[in-house]
Amino acid sequence: MCKGGIILKVKIGVTPLFKADKKIWWMVPGYMEAILKVGGIPVMIPLTDDKTVLDEVFNDVDGLLFTGGQDINPHLYHEEKSEKCGYQCNIRDNQEVYLMKNALQLDKPLLGICRGVQLLNVVTGGTLYQDIESEFNREIKLVHKQQYPYNRGTHEVNIKKETMLYDVLGKEKIMVNSLHHQGIKTVGRDVIINAVAADGLIEGIEIPRVKFAMAVQWHPEFMFYEDKFQEKLFSLLVKRCTN
Ligand code: MN
């Protein structure tokens with residue numbers, strides 16, 4: 001970001017998406033466009049768990065964005081895989097666990113989205129519902145797996161006061177989209193819950209002891225085009241990389 005006294009733009013490493021059947025690495029443009037819109041430079045990380053490569057990439061970026069994607073291997077939170085757990089990508093798991101642990105340890109700002117919130121929870125010792133529909137039973141039934149269009153909010157979340165998320169949004173309730181079949185079951189160490197859906201499902205967490213580690217269960221990368229509040233999550237990530 002700053003080399004030879006010249007201030008450059010904030011560079012954000014974005015974890016890659018992977019389609020196993022077609023063997024392609026891919027990207028949802030919203031992740032990249034959101035970072036560009038708030039003045040950062042997004043860089044897609046290659047899908048590898050080679051630590052030498054990851055160390056170089058890590059050193060080269062100012063912050064990290066952990067994207068949505070495959071279900072996390074339940075072994076990472078010491079549970080057997082259930083029938084309803086989806087396909088896993090072990091290279092992605094290895095890559096993201098390594099990068100996230102380093103980011104937390106070396107205080108590099110990070111934002112997690114969907115799989116990213118689940119990862120932050122697992123990395124800090126929390127557990128997940130492998131399938132909300134069959135494992136999370138509440139009187140109020142919210143649909144967490146909506147259909148297209150994805151930029152539309154379909155359920156409300158309550159934002160808890162005295163959290164970074166509340167500070168940045170300045171609102172106690174927002175509408176969010178919902179494209180997940182897994183969710184946080186028990187929270188990790190040092191983790192604070194910052195957003196909860198009306199059915200009680202945790203929709204956002206953050207870690208106060210580090211510079212910036214925040215993650216949400218919804219998909220702001222589809223919503224920020226029309227929704228200024230969702231854009232604020234990306235602005236905060238980029239801003240925290242500069243101070
Ligand atoms: Mn949801």
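Here are a few things to note about the model shown:
- Test: residue in segment 195-215 that is closer than 22 Å to Q146 by Cβ, touching a residue at least 60 places away in the same chain (Cβ under 8 Å) and of a type in the set (F, W, Y): no
- Residues located in segment 113-128, provided they are crowded, with 22+ Cβ neighbours inside 10 Å and not in a loop (DSSP other than H, G, I, E, B): I113, R115, G116, V117, Q118, L119, L120, N121, V122, V123, L128
- Residue under evaluation K101, criteria (1) basic (K, R); (2) within 21 Å of V43 (Cβ to Cβ); (3) surrounded by fewer than 23 Cβ atoms within 10 Å (Cβ to Cβ); (4) in contact with an Asp or Glu (Cβ under 8 Å, 6 or more places away or on another chain), criterion not met: (4)
- Test: T163 is of a type in the set (S, T, N, Q) and more than 22 Å from F234 (Cβ to Cβ): no
- Annotation note: Cβ proximity below 8 Å between a residue of segment 47-63 that is hydroxyl-bearing (S, T, Y) and a residue that is assigned to a helix (DSSP H, G or I) (sequence gap 6+ or interchain) occurs for T48/L54; T48/I91; T48/Q95.
- Subset of segment 64-92 (residues that are among the aliphatic types (A, V, I, L, M) and assigned to a loop (DSSP other than H, G, I, E, B)): I72
- Residue within segment 169-181 that is touching a Cys at 6+ places or on another chain (Cβ under 6 Å) and touching a residue at least 60 places away in the same chain (Cβ under 8 Å) present: yes
- Selected residue [surrounded by 15 or more Cβ atoms within 10 Å (Cβ to Cβ), of a type in the set (K, R) and either more than 23 Å from F229 (Cα to Cα) or at pLDDT 95 or above (or both)] from K3, K11: K11
- Condition met for Q95 (surrounded by 21 or more Cβ atoms within 10 Å (Cβ to Cβ), of a type in the set (S, T, N, Q) and not in a loop (DSSP other than H, G, I, E, B)): yes
The values are calculated or read from the model by the stated rules, or taken from the named source; none is laboratory data. Here the structure is a predicted model, which is why all the values come from computation and not from measurement. All Cβ positions, even for glycine, are placed from backbone atoms using ideal geometry, and neighbour counts span all protein chains on display.
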